[in-house]
1. Which residue, Ser19, His171, Leu110, has the largest displacement toward the positive end of the dipole of the chain when charges sit on each Cβ (Lys, Arg +1; Asp, Glu -1)?
2. Taking only DSSP H segments of four or more residues, each worth -39500 (n - 2.57), what value at 222 nm results for the chain once the sum is divided by all its residues, to the nearest 500 deg cm²/dmol?
3. In whole angstrom, how far apart do the alpha carbon centroids of the range 100-114 and the range 23-76 sit?
4. Only four residue types carry charge here, +1 at the Cβ of Lys and Arg and -1 at the Cβ of Asp and Glu. Report the dipole size of the chain about the Cα centre in Debye, rounded to the nearest 20.
5. Report the normalised scattering of the range 108-149 as log10 I(q)/I(0) at q = 0.15, 0.25 Å⁻¹, calculated by the Debye formula with identical scatterers on the alpha carbons.
6. Given R₀ = 22 Å, what would the calculated FRET efficiency be for Ser24 paired with Ala181, taking r from the Cβ atoms and rounding to 0.05?
7. HN-Hα J couplings of the range 163-168 from phi, Karplus 6.51/-1.76/1.60, θ = phi - 60°, integer Hz, Gly and Pro as x?
8. For the range 170-182, in order, what is each residue's ³J(HN,Hα) by Karplus, 6.51 cos²θ - 1.76 cosθ + 1.60 with θ = phi - 60°, in whole Hz (x at glycine and Pro)?
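No lab work stands behind these numbers, since they all come straight from the coordinates. Note that the structure is a prediction, hence the values are computed from the model and not measured. Glycine gets a Cβ as well: all are built from the backbone with ideal geometry, and neighbour counts include every protein chain shown.
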Amino acid sequence: MTTHDCKNRTKDISALSLSEENMSDESAAFLAKTKEKFGFVPNIFKAYSFENSKLMGFVGYWAAMVRDEAALSDLQKEMIAVVVSSQNRCYYCMTSHGAMLRVLSNDPELAEALVMNFRAAKIDKMTRAMLNFAIRLTTSPSEIVEDDRQSLRDAGFSDREIWAIATIAAHYNMTNRAAIALDLRPNTEYIGMAR
């Protein structure tokens, strides 16, 4: 790949050229529904749309883990997404989840603090414990021990909620790594959202 090719790709959604010519009806319907709901299709979904099994697998896991309403609020989930993405320096995810956090919290200052350095954010002890665990799982997963889980229990989380914190943080670590590897670019719609 030449430097010229790289420069021409800045308008693309990622550094890879993957054909969508064999997109299944199921994938096309999902992307159309997403566009209808949000007004645009998030580039993360476009990046997976070259193969139906990849897109539906990603969306299925995302829906099962992240859209599960039994444990954490949508705001808590986005906070986890933002601090994990910030720790990993994932441009796409910091931008997209920072935007969603601004929408959900109606607090641009909170969203910016969580993107930049969550320790500067004005958050309660329970939220801080949740985010500390998510960051520890991101940076030092092999060092997680019972004391880490107990610190979440002591902060007021149930084991079901701890499971949700762990799996959501793990999901965004995986997504961050894929987005970074692809040089996935954020949709322009995210940039000015809820500012």
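1. In the chain, that residue is Leu110.
2. -21500 deg cm²/dmol
3. 22 Å
4. 480 debye
5. The Debye formula, applied to the Cα set alone, gives -0.40, -0.86.
6. So the FRET efficiency works out to roughly 0.35.
7. Taking θ as phi minus 60°, the curve returns 4, 5, 4, 5, 6, 5 Hz for the range 163-168.
8. Along the range 170-182, the couplings run 5, 4, 6, 5, 5, 4, 4, 5, 5, 4, 5, 4, 8 Hz.
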